[in-house]
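The values are calculated or read from the model by the stated rules, or taken from the named source; none is laboratory data. Treat the numbers as computed from the prediction; the structure is a model and nothing was measured. A quick note on method: Cβ atoms are made from the backbone with ideal geometry, for glycine too, and the neighbour counts reach across all protein chains shown. Areas reflect the complete protein model, heavy atoms only, side chains present, ligands, DNA and RNA absent. Shrake-Rupley method; radii C 1.70, N 1.55, O 1.52, S 1.80 Å.
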Amino acid sequence: MLARVHSAAILGVDAYPVQVEVDVSFGDKAMTIVGLPDAAVRESVQRVEAAVRNSGFEFPGRERITVNLAPADVRKEGPAFDLPIALGIIMATAQAAADDALDEVALVGELSLDGRLRPVSGALPMALGSRKAGRRALIVPPANGNEAAVVDDFEVFTAETLYECVKLLESDLCDQPVRVSEEQIDLEAPPYEADMADVKGQDHVKRALEIAAAGGHNCLMVGPPGSGKTMLARRMPSILPHMTLEEALEVTKLYSVKGLMRPGDALIRTRPFRHPHHTVSTAGLIGGGSFPSPGEVSLSHHGVLFLDELPEFPRGALEVMRQPLEDGDVTIARAQTTLTFPASFQLIAAMNPCPCGFHTDPQRECTCGPSNIQRYLKQISGPLLDRIDIHIEVPRVEYDKLAEDRLGEKSEHIRARVE
């Protein structure tokens with residue numbers, strides 16, 4: 001017996017359709033998966049067998065099972081094929097009748113041993129890819145429902161268990177599809193945790209960041225420790241213009257592919273803020289790996305990338321940032337594939353004026369010699385500095401300003417001027 005089930009897989013930040021073919025024939029008991037599966041896909045053999053048995057279905061005990069993931073020339077990775085493989089086995093052994101519905105529906109989901117569905121990465125791009133491929137609907141785990149349901153003119157259904165999924169298909173999708181509430185996609189009032197009103201003093205730095213937000217400029221803040229550079233940078237997204245729906249979808253696709261979406265969320269509604277440590281690798285910053293995935297510059301797309309202690313970052317990692325700062329995207333070439341990730345972000349960097357940090361501080365004496373200071377500053381190349389439009393001195397804040405009760409201007413007022 002042969003069964004065909006539609007699914008989807010991620011390539012870069014987009015999805016492409018995958019057809020899961022399951023053949024059950026007489027022979028020595030074995031289950032083989034072909035079609036360039038990675039280790040996570042190959043390991044699904046044990047998960048699928050346990051899930052099928054614990055969901056009340058029979059798993060073939062004396063037959064040979066062959067699973068083909070087509071197209072066979074593209075590598076498949078992740079546990080999202082658990083559900084379509086299990087469903088294909090159930091259909092191929094005639095334990096359910098849903099052939100008509102299977103032609104119009106795609107399925108993705110990881111199975112636990114008791115048959116429950118666990119969330120997967122990339123639900124939003126999989127929904128977009130399935131719609132483009134002509135599917136009518138997508139069945140996903142409950143935690144991915146809102147994320148996938150953002151796609152217009154497309155139905156998304158959720159199932160708690162493998163058994164529930166089978167019954168949903170046998171009923172020809174008679175349940176109500178997932179509906180996303182207006183509040184979950186409202187881009188006019190996103191909840192930012194930090195506000196510029198929290199920052200006391202540093203009025204000239206706030207003004208410079210406002211100009212940077214309005215003009216899309218990169219900034220470098222130079223000042224002693226404790227002057228508020230990190231605090232100011234964390235509040236930069238809150239004064240940027242509200243995201244459009246198109247921008248929110250682009251950012252959500254990136255976070256979905258990386259598995260960074262919170263369960264139940266529909267969209268990333270706030271401007272991203274990424275703050276990698278200075279020990280980050282080049283691949284972690286720009287993206288890469290044997291099978292390329294987005295890095296920090298792409299996760300900052302339409303938002304802010306904050307590099308604290310800029311001279312401490314590896315010179316090589318900083319130099320490869322020059323191309324995305326100029327072009328707004330990152331192209332990663334490998335022997336088997338070349339992928340391009342979006343990376344249109346604002347760089348906000350911070351550094352001390354010298355290794356000890358107190359070269360310009362009127363209250364603390366600098367212990368660094370001129371040669372040490374020169375060597376420290378040379379860690380940042382001239383071409384990278386040329387791409388940073390605004391350089392700001394951030395002095396220590398006087399005690400009187402820190403102690404006063406008056407709050408600063410709120411981010412929403414600054415954002416209104418920026419817009």
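Each listed q (0.08, 0.09, 0.22 Å⁻¹) maps to a log10 I(q)/I(0) for segment 137-276 from the Debye sum over equal C-alpha point scatterers, namely -0.34, -0.41, -1.33. Placing unit charges on each Cβ (+1 for Lys and Arg, -1 for Asp and Glu) gives segment 286-419 a dipole about its Cα centre, and among T340, N372, S411 the Cα reaching farthest toward its positive end belongs to T340. Within the straight-line cut-off of under 20 Å between alpha carbons, the lysines reachable from K206 are K229, K401, K410, sequence neighbours fewer than 8 places apart in one chain being disregarded.
If both residues of a DSSP beta bridge must be in segment 219-353, then about 40% of such bridges are antiparallel. Surface listing: H275, H204 arranged by accessible area from highest to lowest gives H204, H275, probe 1.4 Å. Convex hull of alpha carbon positions in segment 3-133: directionally averaged projected area 7.4 nm². Listed peptides 72-84, 306-318 appear in the order 72-84, 306-318 once ranked by packing, highest mean of other Cβ atoms within 10 Å at the front. With labels modelled as points extended 7 Å from the Cα through the Cβ direction, what inter-label distance (nm, one decimal) is found for A283 paired with I211? My value for the distance between the label points is 4.1 nm.
Kirkwood radius, segment 90-162, all distinct C-alpha pairs, inverse of mean reciprocal distance: 12.7 Å. For segment 273-419, the alpha-carbon radius of gyration amounts to 1.26 times the rule-of-thumb value 2.2 N^0.38 Å expected for a compact globular protein. Between 0 and 90 degrees, the angle of helix 203-215 with respect to the longest Cα principal axis of the chain falls at about 50 degrees.
Nearest 10 degrees is fine. How inclined is helix 82-92 to the longest principal axis of the chain, computing both from alpha carbons? In the chain, helix 82-92 runs at an angle near 10 degrees to the longest axis.
Restricting to the chain, compute how many DSSP beta bridges are antiparallel as a %, nearest 5.
Of all bridge pairs located within the chain, approximately 50 percent are antiparallel.
In the chain, helices alone account for a calculated mean residue ellipticity at 222 nm of -8000 deg cm²/dmol, with every DSSP H run of four or more residues adding -39,500 (n - 2.57). Relative intensity of segment 260-321 on a log10 scale, I(q)/I(0) at q = 0.25, 0.27, 0.28 Å⁻¹, equals -1.09, -1.18, -1.23, per a Debye sum over C-alpha point scatterers of equal strength in the absence of solvent. Overall, the chain carries a charge dipole of about 1140 debye about its Cα centre when +1 sits on the Cβ of Lys and Arg and -1 on the Cβ of Asp and Glu, all other atoms neutral.
When the solvent-accessible area of the chain is split by element, carbon and sulfur atoms take up 47 percent of it, the probe being 1.4 Å.
Secondary structure note: in segment 90-224, about 30% of the DSSP beta bridges are antiparallel.
Under a 5 Å amide H cut-off, with hydrogens placed 1.01 Å from N, L220 pairs with A349, I390, H391, I392 among residues at least 5 apart or on other chains.
Between L220, L347, L36, the residue with the greatest mean-square fluctuation in the GNM of the chain (Cα pairs under 10 Å linked by springs) is L36.
Comparing mean-square fluctuations of A233, A343, A283 from a GNM of the chain with C-alpha springs under 10 Å, the top value falls on A283.
Computed from the C-beta positions of A70 and D38 and an R0 of 25 Å, the FRET efficiency is 0.95 to the nearest 0.05.
Using a probe of 1.4 angstrom and keeping all protein chains present, the accessible surface of the chain works out to 46 square angstrom per residue. Residues S171, S300, ordered by accessible area of protein heavy atoms at a 1.4 angstrom probe radius and largest first, appear as S171, S300. Which one of A72, G316, G288 is farthest out on the positive end of the charge dipole of the chain, using unit charges on Cβ (Lys, Arg +1; Asp, Glu -1) and the Cα centre as origin? The Cα lying farthest towards the positive end belongs to G316.
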